[in-house]
Amino acid sequence: MNAVLKPSPQDDVIQVRNLVNRFGTQTVHEHLDLDVRRGEILGVVGGSGTGKSVLLRSIVGLRRPTSGQVHVFGQDLLSLPPEKRSQLERRFGVLFQNGALFSSLNIVENVAMPLIEHGGLTRPDAQTLAGVKLALAGLPAGAETKYPSELSGGMVKRAALARSLALDPEILFLDEPTAGLDPISAAAFDQLILTLRDALGLTVFLVTHDLDTLYTICDRVAVLSQKKVLVVGPLDEVAQYNDPWVQSYFHGPRGRAAEEAHEVK
Amino acid sequence: MATGSAQLDATLTPPRLRVAGDWTLAHYATLEKVVATTKALLSDSTAIDLSALGALDTAGASLLVNLLGAARLGDLATAEPTLPTAQRALLQTIGLAMADYQRPKPVRRQNSATEVLARIGGTMEHVWHQQRRLLGFIGLTLETLARTIVQPRSWRVTSLVAHVEQTGLDAVPIVALLTFMVGAVVAFLGSTVLADFGATIYTVDLVAFSFLREFGVLLTAILLAGRTASAFTAQIGSMKANEEIDAIRALGLDPMELLVLPRVLAMLASLPMLTFLAMMSGLVGGALVCALVLDIPPVMFVGLVKSDIGVRHFLVGIVKAPIFAFLIAVIGCLEGFKVSGSAESVGEHTTSAVVQSIFVVILLDAVAALFYMEMGW
Ligand SMILES: Nc1ncnc2c1ncn2[C@@H]1O[C@H](COP(=O)(O)OP(=O)(O)OP(=O)(O)O)[C@@H](O)[C@H]1O
Ligand SMILES: [Mg+2]
């Protein structure tokens, strides 16, 4: 069990080098570099359409980049043989921006599926555990047997979060997890991620527009702009970076409000 | 890594429960049994020792919370100074979550005889409702058609043309090929059976009659039911699942006018044309076999068709086409509107659209055949 605690020789669990992503003639990423360290919560921010979701998809191996390397746990997912790749993917939890719940399964079954397929649990055990995960994600009791099309937007987010947490992944990829949550739930969500990170040593890749989340839980922040990672570092350093977008993001009216709220605490 | 364990040492007073090893998802099945057997032995006074606890994840924590109970978790901080803060926080978070969560009650199953009866009843009622809905939808389509036809501004010409291309033009190769082959097969059959009577010349009549009156329209309709009704259902169904239909309504537009009419009209235009093509292609297939096997040259084939077969046979065949077209399109669209949000439902309704439209086509064709026979057409 000490393996988790020992300082590993490879401290960057995700390494992105020279990443280029193009859709037709549109270039989304141009020579993008990014490292994510083991056990950190990295907040990824950037304007709409700057390619945060595309970056996430490239890292988890859902999109073959136009060029460049992406290494996760020191391995290139896209060049691995299928079984090896599947083993590696089991150590990921991904929350997609639109939830991506399986529409023909109810929520408990959605969360139980990875537990049955990869965790080796029996169906009743998996469903019990899935219920706990759903409760952990803050889903109100009684919603477990509903189908995704019968859920509210925030409930979809929570159910998707529960599914991404199902296997206690080592790296958690979250695409705007707090969008559509009320502020109280969003704060509870922040606490949950912190607790899990501390207890399980998770690494979290968190795409967000939520300034409060950035101030509360992120160890480092990466700003995506001009087709690359413009700056990455602790929040207060990033906030000082001399770029018009960064300045108006962190020092605009909302940025200031979040900062003040954080300082009061 | 040591599998987690929980041992009760009853020799001490108060008895002491020693929790050790890794409590993780990998050992879930074993740990669950441990929890089930140990839990009964615990009393309020039992002391808990978590100092040998190894790795802990949310699965293990949920079992541990279950074993210890919410009350003991509250004073973990004082009772277990050696427990790392992170693990304590995890246990407490899970404890809080589980307090809110009730295990869903299993649904009680009815006895099988009543269940069978209930299902029969349910299905009958369902069929009845479906027929009523279909009638309603047909009415709605006709009403929309009547309303839009006098307002040229609301004609969706682009959409109509696109659908004519998809349902009509794109289906030309498959329809032509298929009916050509069936025409050849019918001619072969005719030549074999009629040879015994020395009447192989009537093979021409057999092919012409069957294709003009029945096969041309029937084969085309069945093909389009499989090809196009399913496409209509899948298109409209995924729009429904994606709330796009709701968006159309919310924009003050009419989904009937926007989605249904162009499809129905495209089908109405395509099926008769394809039927004509099917008839011709079937005749060509028949003529080819006649030329090769029966030595009836194509010129003679055409001559025989001209002299023996009246134009009414063509007419009674082709008038069925628009009726079939309307029903296939309407069933395809309606099934699309019945989709309810899940991918599975899209599949179910697509299947249902194909089955229903083929069924309706064959049923109507049989009724029409009876009717024509009685009328002596
Ligand atoms: N499959 C695709 N085909 C073509 N272009 C795409 C595709 N996926 C994304 N893009 C384009 O890539 C760009 C980046 O999209 P992406 O979804 O990563 O934005 P984002 O940073 O996540 O924005 P948001 O904050 O709004 O979610 C956009 O301009 C988008 O149009
Ligand atoms: Mg995005």
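Key figures
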quantity: Accessible heavy-atom area order of A:T145, A:T50, highest first, probe of 1.4 Å; calculated: A:T145, A:T50
quantity: Whether region B:5-100 is rounded, prolate or oblate, judged on the alpha carbon gyration tensor where a/c under 1.5 counts as rounded; calculated: rounded
quantity: Rh (Kirkwood; distinct C-alpha pairs) - the protein assembly as shown, Å; calculated: 30.2
quantity: Stretchable slack from B:R147 to B:V185, in nm (0.36 nm times residue separation minus alpha-carbon distance); calculated: 9.0 nm
quantity: Total accessible area lost when A and B pair, probe 1.4 Å, Å² to nearest 100; calculated: 2200
quantity: Exposure ranking of A:T195, B:T13 by accessible area [1.4 Å probe, largest first]; calculated: B:T13, A:T195
quantity: Cross-link partners of A:K227 among aspartates and glutamates (Cα-Cα below 17 Å; sequence separation of 8 or more within a chain); calculated: A:E30, A:D33, A:D35, A:D243
quantity: Chain B: radius of gyration and largest Cα-Cα distance (Dmax), Å; calculated: 35.5, 113
quantity: Relative contact order (%) - region B:5-100, alpha-carbon pairs under 8 angstrom, separation at least six; calculated: 28
quantity: Counted charge near A:L151, where neighbours are those whose Cβ lies closer than 10 Å (Asp, Glu -1; Lys, Arg +1); calculated: +2
quantity: Surrounding net charge for B:S43, when Lys and Arg each add one and Asp and Glu each subtract one, Cβ distance under 14 Å; calculated: +1
quantity: Most to least packed among A:120-126, B:20-26 [average Cβ atoms within 10 Å]; calculated: B:20-26, A:120-126
quantity: 10 Å Cβ neighbours from other chains, averaged over peptide A:137-148; calculated: 2
quantity: Loop GluC sites (Glu not before Pro), region B:201-309, which have at most 16 other Cβ atoms in a 10 Å radius of their Cβ (DSSP); calculated: B:E243
quantity: Label-point separation in nm, B:W155 to B:V355, each point 7 Å along Cα→Cβ; calculated: 3.9
quantity: Longest exposed-site-free window of chain B, the sites being trypsin sites (Lys or Arg not before Pro) in a DSSP loop that have at most 13 other C-beta atoms within 10 Å; calculated: B:110-377
quantity: Sites B:T192 and B:M124 - FRET efficiency at Förster radius 35 Å, r taken between beta-carbons, to 0.05; calculated: 0.15
quantity: Residue order for B:L370, B:L271 - accessible surface, 1.4 angstrom probe, largest first; calculated: B:L370, B:L271
quantity: Distance in nm between pseudo-label sites at A:E150 and A:E117 (7 Å out along the Cβ direction from Cα); calculated: 2.4
quantity: Charged-residue dipole, Cβ positions (Lys, Arg, Asp, Glu), region B:131-375 about Cα centre, Debye nearest 20; calculated: 500
quantity: Kyte-Doolittle at least -1.0, axis length at least 24 Å by Cα - qualifying DSSP helices, chain A; calculated: A:183-200
quantity: Rounded to whole Hz, the Karplus (6.51, -1.76, 1.60) HN-Hα couplings of region B:236-246, x for glycine and proline; calculated: 5, x, 6, 5, 5, 4, 8, 6, 5, 5, 4
quantity: Residue (of A:L224, B:A118, A:L80) at the positive-pole extreme of the protein assembly as shown, dipole from beta-carbon charges; calculated: B:A118
quantity: Distance between modelled label sites at B:D295 and A:D219, nm, 7 Å Cα→Cβ extension; calculated: 9.4
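The values are calculated or read from the model by the stated rules, or taken from the named source; none is laboratory data. Note that the structure is a prediction, hence the values are computed from the model and not measured. Virtual Cβ from ideal backbone geometry, glycine too; neighbours counted across all protein chains shown. These accessible areas exclude ligands, DNA and RNA; they are computed on the full protein's heavy atoms, side chains included. Shrake-Rupley method; radii C 1.70, N 1.55, O 1.52, S 1.80 Å.
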